[in-house]
Amino acid sequence: MKKLKSIILLFILFTIFISNCEIPLTENKVDDPAYIRVWVKFHYPENSAFGKTVQEGDSLKVQCTSFRLYNDSLYANFYQRKNQYRQDRRLVPKINILNQTDTSYRVAYGSVPSYTYDSLRFQMSPLDTSFVINGNTYPLTYQGEFSNTTVNIDRTIAMEQNVTTDIYITFRVDKAVVRKEDMFHLNTVGIDSMAIESIKIKKE
């Protein structure tokens, strides 16, 4: 009985001790995200040999996917909509790059950690293994020599909390579609390629 009373007394004393102690509550600070939008526009000189070849109704459709901002080996994925957390090809726009207009197509919109990144990469892939130019259908190669569908923009991009960064990329279609003998190749290699005419970064 004495042992039981001692245990009860110890329990009461321990409870009083705990109730009088101030236990510090810690909270991990979570930064608000930054937002990024990627826009693409396609252009070719109408008076060039390529431009004179293109006719109304010609078609070479592409899709832009697999968007990543890199800092060295670290990266952040983003997609077509602000709160999208995985790729959904139903949301990816299909763009006919031979339908020359002054339109900028928004191909990505997402949230990423606020951070300074050193490159942007994504895929620009054709929807088919052929395309139509001058009313004729030709096979289109987008793998192997003379071909590349990875767009790599080596540029410092500072992403800030609650700030939207817009990246505008203009492609020269006549430089991205390369003819070697009887084969056409799609080549959208990064900033050192003549396929990219200009890159503009704006913040909102």
Handout entry: the stretch 62-87, residues that are within 28 Å of Thr141 (Cβ to Cβ) and at pLDDT below 95
Key = Gln87
Practice task
Can you run down the residue pairs with Cβ atoms below 9 Å, 6 or more apart or on separate chains, where the first is in the stretch 118-139 and closer than 16 Å to Thr65 by Cα and the partner is acidic (Asp, Glu) and in a strand (DSSP E or B)?
Solution key: Ser119/Asp154; Leu120/Asp154
Fill in the blank from the handout: For the stretch 78-99 the number of residues that are in contact (Cβ under 8 Å) with a residue 12 or more places away in the chain and part of a loop (DSSP other than H, G, I, E, B) is 13
Problem - Residues being out of contact with any Asp or Glu (no Cβ under 7 Å at 6 or more places or on another chain), within 27 Å of Arg81 (Cβ to Cβ) and among the β-branched types (Val, Ile, Thr) - total across the stretch 174-196 - result: 2
Fill in the blank from the handout: Among residues of the stretch 101-114 being farther than 30 Å from Asn47 by Cα and crowded, with 16+ Cβ neighbours inside 10 Å, the residue farthest from the chain's Cα centre (by Cα) is Ser114
Exercise for the section: For the stretch 70-78, state whether one or more residues are surrounded by fewer than 16 Cβ atoms within 10 Å (Cβ to Cβ), of a type in the set (Ser, Thr, Tyr) and more than 19 Å from Leu127 (Cα to Cα). Expected result: yes
Practice task
Might you let me know whether the stretch 171-178 holds any residue that is assigned to a loop (DSSP other than H, G, I, E, B) and farther than 19 Å from Ile199 by Cα?
Solution key: no
Problem - Among the candidates Asn162, Asn134, Asn152, residue that is under 19 Å from the mean Cα position of the chain (by Cα) and at positive phi - result: Asn162
Fill in the blank from the handout: Going through (1) surrounded by fewer than 10 Cβ atoms within 10 Å (Cβ to Cβ); (2) over 17 Å from the mean Cα position of the chain (by Cα); (3) modelled with pLDDT of 90 or more; (4) not basic (Lys, Arg) one by one, Leu98 fails only at (1)
Exercise for the section: Would you mind telling me which numbered condition in (1) surrounded by fewer than 16 Cβ atoms within 10 Å (Cβ to Cβ); (2) within 27 Å of Asp58 (Cβ to Cβ); (3) basic (Lys, Arg) Arg172 fails? Expected result: (1)
Exercise for the section: Could you check, for the stretch 122-134, whether at least one of its residues is over 13 Å from Val40 (Cβ atoms), part of a loop (DSSP other than H, G, I, E, B), in contact with a strand residue (DSSP E or B) (Cβ under 8 Å, 6 or more places away or on another chain) and of a type in the set (Val, Ile, Thr)? Expected result: yes
Handout entry: Odd one out for Asn162, checked against (1) crowded, with 19+ Cβ neighbours inside 10 Å; (2) in a loop (DSSP other than H, G, I, E, B)
Key = (1)
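The values are calculated or read from the model by the stated rules, or taken from the named source; none is laboratory data. These numbers come from a predicted model, not from an experiment. Note: ideal-geometry Cβ built from the backbone for every residue, glycine included; neighbour counts use all protein chains shown.
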